[in-house]
Structures are given as C-alpha cells and as structure tokens.
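Undergrad: If you scroll down you'll find the structure; I have some questions about it.
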C-alpha cells in the first residue's frame, strides 16, 4: 500500500509546477517588446520509478506509480541554424548600404559632370574659344578664354577638396566602427565570463566531466539573450562564425581569424607608421597617409580580411583605386578611384592643350616652357635663387595642383599664336583657323586617360564613362542591398516565429496553465476528503 500522503505530495508539486508555468508565461508577456528576448518555456516530464530497484516487489512498485510531473528547467525556444543564417546575411546588408550611400555622395561631389559640372565648363571654354577665333587680336576675348580655363581649374580644385573631405568623413566613420567593434567584443567576453560562472553553479557535473558540454543545459537565459544580441551586432561588422564552447562560452571567428575564445580576445586597429613626416590634423589622417590607405589589423598581428561587412565597406571606399591601385590599395571603385579618374582627366586634358599650343611633344615632354597653358603649382614655385623647385616632367598634373601657367597669365593671346617656320617664332594669326581646330579636335580626338588602360576616347566620352561607372556602382550596391535586406528580413521573421513571443499563444498558455492549476487544486481537495474519511470515519460502526 502506498503512503497515505503521496497523493497530496504529487498534487502539491503539480500546483507548484503549474504556478511556475504561469510565472514563465507572465515573463514572456512582459518581455514581448524587449529587444533580443527569446521566448521561454518550462520543460515538464513524468516522474517515474527506478525499474532497477530490484529490492522492491512488483506489487510495491505498482503502488508507488503515478508520482505526477516534474519540471526539468526553463528552456529557451531558439533555432541555432536560423541564427547562423541570419548572421551570414546581415554583413552584406551593412556593406552594400554603406557603399551605396557613400557613392551617392561621390556623385554629388562631382556634381553631375556630364550635365551641370565639368562638361558644362568645357562647353563654356569652347564657346569662349569660338568667339576668340573670330577676333584673334582681341585681348579681351583672349582673356575670356583664359578665365574660362581658370574657372575649370577651380572646379577641379573644388572636386579635390570635396573628395578629400568625403575621405576624411569616411575615415572618421571607419574609426567609429572600429571602436564599436572592439566595444562589442569586450562586452561579449564579459558575458562569456559571467555565463561560465552561472553554468558552474547550474551544471557542476557537466563542467567537471571533460566528455560533456553544458551546451543545451538550462542556463542563464537572459545573459544568453544579451550575448546573442551582441553577436548579431558584431555580424554587421564582418563575416563571423560562432562556435559553442563546452563551458558555455563562445568562440568567434571573423574573416577566418579567431577574435574571441572564452576570455581571450583580439581588438582591431588601423596600422600607422611613425616614419611618415608632415603635419596632420589627427592621428587618424597620419595613419591613413602612412600607406595611402586604411590598413586594418588585429592585435594578434593578422591582417583583417573580411569578405563582407561594414569594416570591409569602409576599407573598400577608402582603399579602392581600381586600375590605379598600388601598395595596400585594392581594385574596388572607392573614393580614391574617382579621384584618380579625375586626376587622369586633368593630366590628359591639360597636356593635350599644352601639346596643341606647342609646349610639349606628343609624349608629354616639355619642349618650350614659354608655351605652357597649364602646369602644376609646384612648377611655378621658385627658390630664393630663382630656380624652379621641380621639373615639368617630374610632376603629375592633378585636380589638386593644376594651375594656369605663368606664361599664359602674362599673355592671354598666346593661345591664338601659330608657329612661323620661316621666322622660327610664334606669331598671332588673324584668320582664327588654328583656334577653331582646337574645338574640332576636342570633340573628336581620342585620348588615352590614365595610362593604365582605364579608358580611351574623347574628353566627353571619358566624362560620360566616369558618370556611368558611378551610376552603375550605385545601382549594383542598391540592388545587392535590397536582395540582402530581403533575405535578412525573411530570416528575422523566421527567427521571430520560433523565438519571439506571441501574445495570442501566451494567452492560450495562460488559460491552459490556469485550468491545470485548478484541476490540481481540485485533486488535492478530493484527496483531502478521502483522507478525512479514512482517518475520521474508518472503524466507527453505524456512521
């Protein structure tokens, strides 16, 4: 015969279990809007006899059956596979979004070069040249030509200043992203420490046995939620892979480099050099100038080689120099590429005008410094003895240093002169044919821009080529972002469907657990009545 109070003990445990189930349900409802919260449930199982207790008879084991339910622990409703897929998709969202936004700023800086920007400046220059061709002896019209050329150089200077400012802005954004990455890593490591301590108290047996892992055990659910939220944030920075350690901590690799393992971790930083000279407004610019690119490394000494993510987006934007890439730069189309492309325009266009005016030969070698229309600022800089600080061929004309030559500043009509072979000198021609030839050639002459096979065509075609490349890059990154965003959102919805809190489901659970509680209480009442009959009425004759 079983113990008289066994039924009451079973009913008591069942009431406590149903009460705890209601508590857990209430906690889920309370955290329905909490970011990163994972729905929880109490795992319930049937209590049973040990069938290997051979000292008991079959009858006694039967008498002790029906010992009710027991709660094993409070578990999280989470799917690791969805977590993995979600963290694989989010870095692409960050990368393409960052690139598209910055390239739009590049497009704004260049100010629609095929419409209102540089193309219009060339058109204005051609109009001024055409007007001057009608009266080559007019110093006023010749000055207008030079002024239009001067305006064009100023526009190129403004492109340089704006692109440099954009570069600095992205450097600061990269620096903020690096700091944020390191902060997230530190917080994950701190949670690793705390979670391991919690597991050491909750799963002692598994921690002491090297053949077991606490993964899947009942643990500090709220801490696990916070760590998972940080892992999601870290996935925006780069392509990460997360592995569970037996002690409850995690191991994280980014771009194939282990950056977290329990309490061990690596930080990312921008590599610099103390050898670089000059004045810089910040250490950030000094580090960038050291290699003309942003070189990211882990404190372990490994280079950062992310396949995607926010860090990769910024390094591509700051290091991407297309066919002009050297050193630590890469072949992406970032800010340096568009600066190099505009430098190629300034160099090729100015050299062609100098060649047309007899200052350089077809290879760009200086033959007559007095015929220069354009040169660099440095070329017209002299030392105290009156010597030039640099030779013409030593300097590359760029959008930062292109300059109206002193020879053209002294004589605006120089552009209208033609070479008289008999007199071996340049003279002003009054027919204007020589001047008109320039407008014809600038429309039709195919030029090689960049010298690296980037493009060969007319000036107008080249500007259209640059504009199209920007537009195509923006369109590509936008389309890739939309596709990645849709994938990430679909996975997030799937994760919410599994791990999120449904107020409707929790409402049904509350009714279920309340009925369970009521039934358990009613069972205790029935058992109490039975015991009352047994104790107070058994053996009393006539009652």
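The values are calculated or read from the model by the stated rules, or taken from the named source; none is laboratory data. Not measured: the values here are computed from a predicted model. Positions of Cβ are generated from backbone atoms using ideal geometry, with glycine treated the same way; all protein chains shown enter the neighbour counts.
Undergrad: Looking at (1) surrounded by 18 or more Cβ atoms within 10 Å (Cβ to Cβ); (2) modelled with pLDDT of 90 or more, which is the one condition that is false for residue 501?
TA: Among (1) surrounded by 18 or more Cβ atoms within 10 Å (Cβ to Cβ); (2) modelled with pLDDT of 90 or more, the lone unmet condition for residue 501 is (2).
Undergrad: Please verify whether region 255-262 includes one or more residues that are touching a helix residue (DSSP H, G or I) at 6+ places or on another chain (Cβ under 7 Å) and not in a loop (DSSP other than H, G, I, E, B). First the steps, then the outcome.
TA: Our first condition is that a residue be touching a helix residue (DSSP H, G or I) at 6+ places or on another chain (Cβ under 7 Å); within region 255-262, this holds for 259-260, 262.
Applying the additional criterion that residues be not in a loop (DSSP other than H, G, I, E, B) yields 259-260.
Checking region 255-262: at least one residue is touching a helix residue (DSSP H, G or I) at 6+ places or on another chain (Cβ under 7 Å) and not in a loop (DSSP other than H, G, I, E, B).
Undergrad: Name the residue that is surrounded by the fewest Cβ atoms within 10 Å (Cβ to Cβ), counting only residues in region 303-320 that are more than 14 Å from residue 92 (Cα to Cα) and touching a strand residue (DSSP E or B) at 6+ places or on another chain (Cβ under 7 Å).
TA: Going through the qualifying residues, I end up with 303.
Undergrad: With the structure loaded, tell me whether residue 333 is touching a residue at least 24 places away in the same chain (Cβ under 8 Å) and touching a strand residue (DSSP E or B) at 6+ places or on another chain (Cβ under 7 Å) or whether it fails that test. Reasoning before the result, please.
TA: Working: touching a residue at least 24 places away in the same chain (Cβ under 8 Å): yes; touching a strand residue (DSSP E or B) at 6+ places or on another chain (Cβ under 7 Å): yes.
Yes.
Undergrad: Scan region 503-515 and report the pairs whose first residue is in contact (Cβ under 8 Å) with a residue 24 or more places away in the chain and whose second residue is not in a helix (DSSP H, G or I), with Cβ atoms within less than 7 Å and a gap of 6+ or a chain change.
TA: Within 7 Å, the pairs are 503/32.
Undergrad: Of (1) part of a helix (DSSP H, G or I); (2) touching a helix residue (DSSP H, G or I) at 6+ places or on another chain (Cβ under 9 Å), residue 486 satisfies all except one. Which?
TA: In the conditions (1) part of a helix (DSSP H, G or I); (2) touching a helix residue (DSSP H, G or I) at 6+ places or on another chain (Cβ under 9 Å), residue 486 misses (2) alone.
Undergrad: Being surrounded by fewer than 13 Cβ atoms within 10 Å (Cβ to Cβ), part of a helix (DSSP H, G or I), at pLDDT 85 or above and not assigned by TED's automatic domain parsing to the domain that holds residue 90: is that true of residue 509 here?
TA: Taking the combined requirement at face value, the residue does not satisfy it.
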